[in-house]
Amino acid sequence: MKIRVPILFISIFISTFCFAQKKSATVEGKVVDENENPLSHVSVTILGQQKGILTSDSGRFQIKVPADKAFALVFTYSGYKTAQQNFLLNEGEHESVTVRMDPATGVMQEVIITEQRERTEVGLVKPNPKSVINLPSPIMGVEGMLKIIVGSNNELTSQYNVRGGSYDENLIYVNDFEIFRPYLVRSGQQEGLSFINPEMVRNINFYTGGFQSRYGDKMSSVLDIQYNTPKKFAGSAYVSILEQGVHFEGLGNKNKLSYIVGMRNRSNKNLFSRQETQGSYVPSSADVQALVNYQFNAKWSAEVLGNLSQTKFTLIPEFSQITSGIFSPYFTANLGLDIYFEGREKDQYNTGMIGLSSSYEVNKNLKLKWLVSRFENDEAENIDIAGAYIFGDRDFDKTSSSYGSIINPLGAGITQTYARNHLNIVDYNASFKGTLNQNKHLIQWGLGYDKTFINDRLNEWEYQDSAGYSLPYNPNLLLMNKVVKSTADLDINKFNGYVQDNIAINKNGNAYTIQAGIRFNYNGLNSQFLVSPRISASWKPKGNNDIVYRMALGSYDQPPFYRELRRQDGTLNTQLKAQRSLQGVIGLDYNFFGLNRPLRLTTEAYYKHMTDVVPYDIENVRIRYYGENSAKAYATGIDMRLFGELVKDAESWVSLGFMRTKENIENDYYNEYSLDSLNQPVDSTTVEGGWFRRPTDRLITFGMFFQDYLSTNKNFKVYLSTLYGSNLPYNIPGSVKYRNALTIPPYIRVDIGFSALLLDTDRSNRRSHSPFRNFDNIWASLEVFNLLDRENTISYMLIKDFQNNVFAMPNRLTPRLINFKIVARW
């Protein structure tokens with residue numbers, strides 16, 4: 001027995017050891033950066049162990065791991081944030097994963113570590129998604145940050161102008177799906193939530209010009225958004241006076257399934273409470289978005305993106321009181337306008353989108369991707385508002401019993417606006433993309449097809465009466481000031497495609513990159529086929545890693561969609577051709593030290609030569625096109641941007657731009673009259689209008705986003721957003737002589753936010769029964785919008801008296817408002 005017992009224990013020990021050795025599993029996969037490019041030589045280790053493996057040149061790895069117990073793989077790579085994934089695998093199980101690593105900024109040998117692609121690609125700006133969330137802005141989104149980069153003149157809209165282009169000249173993609181916006185929206189008051197949910201954003205690529213052939217057919221900019229791919233269960237919730245939202249993200253089915261869902265609700269009622277037009281405002285907007293990804297294996301994955309949103313706007317106006325300088329062809333004065341309303345406006349904008357994509361990695365060098373989507377906008381406007389007005393000299397004597405009243409009337413009348421408009425747009429898209437990596441070449445190609453149905457019913461008119469006279473005046477007829485009545489049922493087929501080669505060359509210490517490609521598109525509506533070659537390049541000189549020179553040249557064409565086709569009288573021009581432009585950009589990217597901090601300066605000069613231009617007027621955010629290719633135009637300017645941590649660990653931005661854009665419209669002739677001694681016209685001369693400022697012509701734009709915190713406590717932070725834009729032209733509708741007769745004053749806006757940490761990330765001090773034990777952190781913010789309380793003007797209301805003199809009264813934007821917000825994350 002004494003001998004058998006040791007032998008028994010030895011046998012058990014050996015059996016247990018052998019059994020434990022068999023208890024293993026395997027994890028294989030691929031490590032990529034935030035742009036899906038493979039990362040080689042990434043260190044992969046099991047948490048708590050020192051030894052590990054490195055990823056291959058194609059970013060792939062395979063590692064043996066313990067089974068039947070929880071463990072974590074840690075991924076580390078220089079210049080990137082450490083990533084960690086947790087597992088619990090059965091014996092012999094084989095798991096496939098894709099790991100995405102986010103870049104980390106830092107300083108090494110007096111060189112700022114940044115993504116090289118950002119430095120070499122023309123016009124590329126990459127705002128930090130975390131900064132977007134902290135930005136004090138009424139629209140609370142990615143577009144709020146973009147406005148600091150390109151400028152703005154309206155805090156109520158998420159739309160923006162880039163280098164002299166209109167809102168319709170901007171491309172927006174979310175996970176490679178093109179995004180469309182509502183089209184009937186007239187003012188920022190009616191606009192609801194932006195499509196992009198900032199809580200779901202992982203990466204932002206914003207091209208201000210000179211973008212590559214792989215992007216679509218617009219003339220101004222590209223916003224390329226990638227939503228987050230979750231690594232664990234997490235979420236956030238926020239509540240503010242203007243907006244509320246929640247989002248969840250997580251993993252399932254042994255980490256093969258990932259999901260992220262966001263829901264938001266917004267009401268701008270408090271923003272409108274101090275508007276010049278008093279009344280009952282009932283604006284509301286809500287949406288829900290979801291992104292679901294399934295990784296079938298290491299090579300094959302599929303993704304579904306869905307969105308449903310609804311925006312409602314109801315206005316029952318009561319009274320409006322405006323005082324300002326007046327424009328007239330004959331005189332100027334400081335006058336007041338009082339309007340008493342009856343009626344109401346009720347609008348609704350519904351958006352639905354569903355997209356499915358599938359990616360297949362044939363081998364380490366070849367990737368293929370298929371996408372199909374359906375996007376629908378269903379919009380309705382119902383307006384019937386009448387206003388009785390009186391204008392003249394207003395009494396500003398506070399000691400007078402008539403203080404604030406109009407004491408010397410110059411005119412009075414009635415206006416009525418009526419609209420029953422309905423628009424339904426459905427767009428089906430199917431596209432294919434491929435990427436082939438061959439040594440120094442990265443070849444990209446793609447094909448796309450769009451099927452668009454447009455069903456449009458417009459019925460709107462405006463009536464003006466002044467002192468008993470209908471304007472325009474005709475004693476025998478009752479005439480409307482403006483009438484739009486039309487119907488349209490369009491079925492449009494579009495084809496597009498591209499091929500592009502990205503070349504990286506290192507020669508004698510000099511680094512060169514070249515992106516050369518060609519793009520085509522065919523529009524079945526007007527049977528127009530267009531080819532657009534584009535090329536961009538960069539050069540990093542030998543021995544100088546701090547500076548990169550870059551340039552781009554290409555053709556950027558924009559086939560007409562919906563608004564461009566419609567003339568101002570409502571009729572359609574289905575033979576309208578694409579607007580065309582030839583663009584050139586040169587610039588540099590420079591890293592340096594200033595204020596004892598690493599800073600980055602980018603500068604780009606550009607010129608756009610545009611033909612077949614469709615002129616337009618802007619009324620608030622509504623664009624009214626002429627519906628004819630009747631102009632040529634140009635835009636030229638220079639953009640400068642400074643990035644860096646002006647305060648350590650707090651990124652800030654400063655942007656400055658100078659621009660001039662003008663257009664020459666065909667057949668814009670008018671008569672110039674000579675006057676006799678009694679000021680009566682005796683002779684006329686025909687004059688051509690010539691070059692006019694375009695509606696987006698702004699000479700100077702300045703934007704700044706600044707972050708700071710208490711030197712003794714980083715848990716108290718401040719965020720400052722500043723915007724300045726010099727004056728804009730405002731056109732008198734239907735007038736050639738007075739096309740640029742009015743000027744919108746400079747736009748000046750300062751928003752500031754203060755944040756305090758209510759609950760930090762240290763959970764060890766929380767009690768087990770605490771309701772906050774599972775939260776990562778909770779922040780409280782106090783925001784002051786329009787800190788200077790400046791009355792910014794967005795447009796003008798044109799009033800005529802019975803002598804047909806024109807008076808222009810400003811429509812102003814929002815005054816100062818305080819917003820309170822609480823954000824919790826887990």
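Name the residues in the range 260-278 that are open to solvent by less than 30 Å² (accessible area, probe 1.4 Å) and either at pLDDT below 95 or more than 30 Å from residue 59 (Cα to Cα) (or both), would you?
Selection gives 262, 264, 266, 268, 271, 272, 275.
Can you tell me which of 223, 146 is touching a residue at least 40 places away in the same chain (Cβ under 8 Å), part of a helix (DSSP H, G or I), open to solvent by less than 10 Å² (accessible area, probe 1.4 Å) and of a type outside the set (Val, Ile, Thr)?
146
Residue by residue through the range 33-72, note down the ones that are more than 16 Å from residue 102 (Cα to Cα), open to solvent by less than 40 Å² (accessible area, probe 1.4 Å) and not small (Gly, Ala, Ser).
Within the range 33-72, 45, 46, 55, 61, 63, 65, 66, 71 meet the criteria.
Return the residues of the range 464-503 that are at pLDDT 80 or above and either open to solvent by 50 Å² or more (accessible area, probe 1.4 Å) or acidic (Asp, Glu) (or both); say none if nothing qualifies.
Those that are at pLDDT 80 or above and either open to solvent by 50 Å² or more (accessible area, probe 1.4 Å) or acidic (Asp, Glu) (or both): 483, 485, 487, 489, 491, 495, 499, 501.
Going by what's in this entry, would residue 455 be described as touching a strand residue (DSSP E or B) at 6+ places or on another chain (Cβ under 9 Å), open to solvent by 30 Å² or more (accessible area, probe 1.4 Å) and not small (Gly, Ala, Ser)?
The answer is yes for residue 455.
Is there any pair with a first residue in the range 778-800 that is without any contact (Cβ under 8 Å) to a residue 40 or more places away in the chain and outside any strand (DSSP E or B) and a second that is open to solvent by less than 40 Å² (accessible area, probe 1.4 Å) and of a type in the set (A, V, I, L, M) whose Cβ atoms are under 7 Å apart and which are 6 or more apart or on different chains, and what are they?
Close Cβ pairs satisfying both conditions: 787/750; 787/752.
Considering each of 356, 315 in turn, give the residue that is at pLDDT below 95 and either in contact with a Phe, Trp or Tyr (Cβ under 9 Å, 6 or more places away or on another chain) or assigned to a loop (DSSP other than H, G, I, E, B) (or both).
After ruling out the rest, the residue left standing is 315.
Please specify each residue of the range 516-532 satisfying the condition of being assigned to a strand (DSSP E or B) and open to solvent by 60 Å² or more (accessible area, probe 1.4 Å).
518, 520, 522, 529, 531
For the range 722-740, which residues satisfy the criterion of being under 18 Å from residue 568 (Cβ atoms) and of a type outside the set (Val, Ile, Thr)?
Hits for the range 722-740 are 729, 730, 731, 733, 734, 735, 737, 738, 739, 740.
Determine which member of the set 211, 195, 206 is more than 21 Å from residue 308 (Cβ to Cβ), touching a residue at least 24 places away in the same chain (Cβ under 8 Å) and under 10 Å from the mean Cα position of the chain (by Cα).
Sole residue among the options that is more than 21 Å from residue 308 (Cβ to Cβ), touching a residue at least 24 places away in the same chain (Cβ under 8 Å) and under 10 Å from the mean Cα position of the chain (by Cα): 206.
Give 636, 685, 701, 722 a once-over and let me know the one that is without any contact (Cβ under 8 Å) to a residue 24 or more places away in the chain, hydroxyl-bearing (Ser, Thr, Tyr), open to solvent by 20 Å² or more (accessible area, probe 1.4 Å) and in a strand (DSSP E or B).
Checking each option against the conditions leaves just 685.
Among strands (runs of 3 or more DSSP E) lying entirely in the range 574-620, which contain 3 or more residues that are open to solvent by 50 Å² or more (accessible area, probe 1.4 Å) and touching a strand residue (DSSP E or B) at 6+ places or on another chain (Cβ under 8 Å)?
Strands (runs of 3 or more DSSP E) meeting the threshold: 579-594, 597-613.
Quick one: how many residues across the range 39-66 are more than 14 Å from residue 77 (Cβ to Cβ), without any contact (Cβ under 8 Å) to a residue 24 or more places away in the chain and touching a Phe, Trp or Tyr at 6+ places or on another chain (Cβ under 9 Å)?
Summing the residues that are more than 14 Å from residue 77 (Cβ to Cβ), without any contact (Cβ under 8 Å) to a residue 24 or more places away in the chain and touching a Phe, Trp or Tyr at 6+ places or on another chain (Cβ under 9 Å) in the range 39-66 gives 1.
Quick check, is residue 736 touching a Phe, Trp or Tyr at 6+ places or on another chain (Cβ under 7 Å), at negative phi, surrounded by 15 or more Cβ atoms within 10 Å (Cβ to Cβ) and in contact (Cβ under 8 Å) with a residue 40 or more places away in the chain?
Yes, satisfied.
List the pairs whose first member sits in the range 383-399 and is farther than 30 Å from residue 460 by Cβ and charged (D, E, K, R), whose second member is modelled with pLDDT of 80 or more and part of a strand (DSSP E or B), and whose Cβ atoms are under 7 Å apart, counting only residues at least 6 apart or on separate chains?
Going by the 7 Å Cβ cut-off, the qualifying pairs are 393/406; 393/407; 394/336; 394/406; 395/407.
Looking only at the range 714-740, count how many residues are at pLDDT below 85 and more than 24 Å from residue 797 (Cα to Cα).
Selection size over the range 714-740: 1.
Residue by residue through the range 533-557, note down the ones that are in a strand (DSSP E or B) and over 24 Å from residue 584 (Cα atoms).
none
From 675, 601, grab the single residue that is within 28 Å of the chain's Cα centre (by Cα) and more than 27 Å from residue 727 (Cβ to Cβ).
None of the others qualify; the one that does is 601.
Which one of the conditions (1) crowded, with 18+ Cβ neighbours inside 10 Å; (2) touching a Gly at 6+ places or on another chain (Cβ under 7 Å); (3) without any contact (Cβ under 8 Å) to a residue 40 or more places away in the chain does residue 233 fail to meet, given that it meets all the rest?
Status for residue 233: all satisfied but (1).
Do we have any residue at all in the range 356-369 that's farther than 30 Å from residue 513 by Cβ, open to solvent by 70 Å² or more (accessible area, probe 1.4 Å) and either touching a residue at least 40 places away in the same chain (Cβ under 8 Å) or touching a helix residue (DSSP H, G or I) at 6+ places or on another chain (Cβ under 6 Å) (or both)?
yes
Please specify each residue of the range 160-175 satisfying the condition of being surrounded by 20 or more Cβ atoms within 10 Å (Cβ to Cβ) and farther than 25 Å from residue 635 by Cα.
Residue satisfying the conditions is 174 alone.
Give me the residue from the range 639-670 that is among the aliphatic types (A, V, I, L, M) and within 22 Å of the chain's Cα centre (by Cα) and, out of that set, surrounded by the fewest Cβ atoms within 10 Å (Cβ to Cβ).
640
The values are calculated or read from the model by the stated rules, or taken from the named source; none is laboratory data. These numbers come from a predicted model, not from an experiment. So basically every Cβ, Gly included, is an ideal-geometry build from the backbone, and we count neighbours across all protein chains shown. The area values use the complete protein model at the heavy-atom level, side chains included, leaving out ligands, DNA and RNA. Shrake-Rupley method; radii C 1.70, N 1.55, O 1.52, S 1.80 Å.
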